Amino acid sequence: MNTLTAGEVLIEPLLTGEIPGVEATHIAVAGPASYSESANDDHALVLLFVDGKGKLEFQGKDYELVPETIAMPISNDKLTVHVEDGDTLHGLVIRKQYSEQDIEDMKEFAARDSDGIYLKKFTDCESYKEAIKSPKTTSRTVLPKDHISRCAMGTVETMGPDEVGAHRHAMLDQLFLGLSKNDSIVITDDTETPFPEFSLLHIPLGSLHGVRVEDGKRMYYMWMDFFLTKEGEEWLKTHKPDTK
C-alpha cells in the first residue's frame, strides 16, 4: 500500500490491457478528501473496498464503508467516496465494457430493476462449496452473475495447509485479488508466484492453475471471472450452495 499525505487521492491503473474490455484501478483516498466516479451506458462499475474506512454518497443517501465491502451502482448517477481526516481508504475499481449482447441480456436481470446500489460486506454474501476445495474452505459469491452480464466475483478463505486444486477454464479470464493477511502461492502451469495481501494477479485464459497455502498461513482472496460468452457462465454451476 502506498503512503499518502493528508488530502491526497491516488489513482493507479493496474494490469493495463491484460483482459480485453476490463480495466482495474487502485484508488487510495487520504482524508480529508473525496473521490467521485460513475458508470455509463458502455460499461459497468464495481468498487471493492479492501482497507480503511469512509462514507459513500449516492443518490442523496450515505453509506458507511468498511474493509471488504463491494459497491456497484445500478444507475449511472455519480457516486462519491468521502474520507475523514486521519483515515485512508484503499479500493479497487473494476470497469467492464458492455457488448451489445450484454446490454440485451441485462434487460432481463431482476437484480437491475432498481435505480439504487448493490452494496454488501463480503462476509454477508452467500457461501458455496466446490469440488476443487477442501471442506474447511469458506467460499462466498460476492457478485452474483445476474448483476453484470458475463461477470461474477467471489472470495475463498482457508488456513494452511490447504489448497485449491489445479484446474483450467477455457471460457473465462480471471483476476485474483489478495485480501487481508493473504499469504499463499498461485501456481499457473509450471510457474509458482507469491501471492501476498492486496496484490492483483491475472490468471491467463486456459492456464492450468491452483492456489496453495502453507501450514499456519492464511489463504484469503477474491476471484473475478470475466466470461467470453454468456454460455460460459455454466461454469458457475460447479459452485454448490452451502447447506450448512
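The values are calculated or read from the model by the stated rules, or taken from the named source; none is laboratory data. Computed from a predicted structure; not experimentally measured. A quick note on method: Cβ atoms are made from the backbone with ideal geometry, for glycine too, and the neighbour counts reach across all protein chains shown. Note: areas computed on protein heavy atoms with side chains; ligands, DNA, RNA excluded. Shrake-Rupley method; radii C 1.70, N 1.55, O 1.52, S 1.80 Å.
Brief remarks follow.
- Scope the stretch 85-98; condition within 22 Å of S149 (Cα to Cα) and either at pLDDT below 95 or crowded, with 18+ Cβ neighbours inside 10 Å (or both); matching residues: L92, V93, I94, K96, Y98
- The condition of being in contact with a strand residue (DSSP E or B) (Cβ under 9 Å, 6 or more places away or on another chain), among the hydrophobic types (A, V, I, L, M, F, W, C) and under 30 Å from E8 (Cβ atoms) holds for only one of V164, V156, V93, that being V93.
- Test: K120 is open to solvent by 70 Å² or more (accessible area, probe 1.4 Å) and either under 30 Å from K55 (Cβ atoms) or under 15 Å from the mean Cα position of the chain (by Cα) (or both): yes
- Failed item, numbered, when D115 is tested on (1) at pLDDT below 95; (2) assigned to a strand (DSSP E or B): (2)
- Residue selected from the stretch 38-71 under the condition closer than 24 Å to D105 by Cβ and in contact with a Leu (Cβ under 7 Å, 6 or more places away or on another chain), by the criterion surrounded by the fewest Cβ atoms within 10 Å (Cβ to Cβ): S38
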